[in-house]
Every structure is written in structure tokens, then in C-alpha cells.
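The values are calculated or read from the model by the stated rules, or taken from the named source; none is laboratory data. In this text the structure is predicted, and so the values were computed from the model without any measurement. Cβ atoms come from the backbone with ideal geometry, glycine included; neighbour counts cover every protein chain shown. Heads up: the accessible areas ignore ligands, DNA and RNA and are worked out on the full protein's heavy atoms, side chains in. Shrake-Rupley method; radii C 1.70, N 1.55, O 1.52, S 1.80 Å.
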Amino acid sequence: SDRFGLSQLYQLRGRVGRSHRRAYAYFLIPSPEVLTTKARKRLTAIREFSDLGTGFRIAALDLEIRGAGNLLGAEQHGHINSVGFDLYMKLLENTIRELKGEPIPEEIQTSIDLGVGIQIPPHYIGDAQWRLWLYKRIASVYDPEALDSLREETIDRFGKYPRSVANLFEYAGLRLAATPLRIQSLDLRKQRLLLKFRSDTPIASAGLVSLVGRDSRMSLSPDGLLTVEIGKVSGPPLFALVRDVLEELAMLKSE
């Protein structure tokens, strides 16, 4: 079975047993010491993805392992592992826009530093490549629903994650909320939350001034730096507080 592709193994396993008939699929391998790295990944995946509805995850992982190939040709190869599928597709989209003479949208992403650990520790995921894979997946998440799905997939594949990985997911969620507001940076310094806005932020300046006037914790500098006094808070309450601030700011967006 180490010579078969991941999708082939998934299809073979799905061909045994129907309706009320219980059946078993036995996948035989040589000594584990002679398996290639990719074969180990395929066999690990087919063992872990055993629930109903995991076909899409199998297909996505197969794409990560084999590569996306040449989308405009017949070769099945590529460098998907080097850049990640989402970034690969973004680069392709930008290249097509450039060839058509269309403007390429500016890439905007909020820089976040709350002074908490956001590492994926080796004791949680031992393989460095799998850790890098998860870093890439979290960094390329495009909406809250996809982030929730990735949380579930991570627990399904690797088990309950530690606090630092939870922080990493929280960072991704804050980034999804802050980036549309054109917030350049979001930092925690000496019990103060500092939010630096870009000049093209959609937040109405009049609304922001009004918010600062109503909330004694907030102050706004002339260069567009919003300071929020949050006191000594950490862990989940810290992320909840930051989310509340971002939700307040989102309500000030200009139509």
C-alpha cells in the first residue's frame, strides 16, 4: 500500500462494506524503516482520516503532498510544498491580472504582537514539515468559517492543542477582524493596546473621535494611534477584550 497514492488508498478503503455488511480493508506495507517520507505521510493520513465526510480533507492533503502540478500543461509536478496552495493560487491570479493589464490589489495584513507565545511545539507535532504545514494553513486562512474548520481538522489529526497553538489561532482570528479595518499594527505595550491605522482606513474619523470621547480607557494621537488602557490581563480574557475593541471599531466603518 506504500506504492499507492493517498486518493487511491481512500478509494480502495471505501469500496469495502456496503449497507449493513461490515467489512475490513487491510493495507500491507514492508518494514516501516524502508518507507519513504511521502509514503509515511500518506499512510498516516489514511489512518487518521476515518470519519464520514473526510473526503475533502483527504483531497486537500493529497494536493499538499503531491503538488498542484502544471495547471496549464500535462506534467504532474510543482512546488506547492514550498509556497502553499493558497499562496500559489494568489500568485497565479496576480500574474493573470498583470498579463491582462489589470491592477493588482494591494496586499494588506495587520501586524499583531500581544506578547504571548504562538509557537507549535515539537511535543505537539514532532515532524517539522507538518508544523510548517500548519503554520502556512493558519496564515492563509481567509474567513472565520475556514478558521473554525481548520481548528477542528487540527484536533482531529493531532489531538487537543496546547495554549500556544490556541494563541496562534486567536492571532489568526484577530487578523481576519483587523485587516478589513486597515489597521496597520496591533500591539500590547505596558498594559496598553496600541492600534495604528492606515491612512485609507474605512473607519469614520468623526465616529472614532466620538468613541474616544465616550470611553475613558481610550485616547487618540494626531498621527492616528489609538491607545486603549486594558490593565493587567492575559490569556483568553485578553483576546476577548481585543475582539471587543475591534467589534466596536467595525461599527464605525463608513458605508
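Surface calculation, 1.4 Å probe, protein heavy atoms: S185 sits at approximately 30 Å² accessible.
A full extension of the chain between L35 and R3 corresponds to an added length of 10.6 nm, given 0.36 nm per residue minus the alpha carbon distance. Within region 99-180, the trypsin sites (Lys or Arg not before Pro) that combine a DSSP coil assignment with at most 15 other C-beta atoms in a 10 angstrom radius are K160. Residues E248, E98, E153, E93, sorted by accessible area with the largest first, give E98, E93, E248, E153 [1.4 Å probe; ligands and nucleic acids excluded]. Is there a pair in K232/K253; K196/K232; K136/K232; K41/K160 whose C-alpha atoms are over 26 Å apart, and which pairs would that be? Violating the 26 Å Cα-Cα cut-off are K232/K253; K136/K232. Less than 5 angstrom separates the built amide H of Q184 from those of K196, F197, R198, all sequence-distant by 5 or more or on a different chain. Residues whose amide H falls under 5 Å from that of K253, counting only those 5 or more places apart or on a different chain, are A204, with hydrogens built in the peptide plane.
Computed on region 119-209, with alpha-carbon pairs under 8 angstrom and 6+ residues apart, the relative contact order is 22 percent. Taken over region 111-207, the percentage of Cα pairs per 10 Å bin, counting from 0 up to the bin with the maximum distance, is 14, 42, 29, 13, 3, 0. What separates the Cα centres of region 1-43 and region 115-143 is a distance of 27 Å. Between W130 and K232, the simple label model (points 7 Å from Cα in the Cβ direction) yields a spacing of 3.9 nm.
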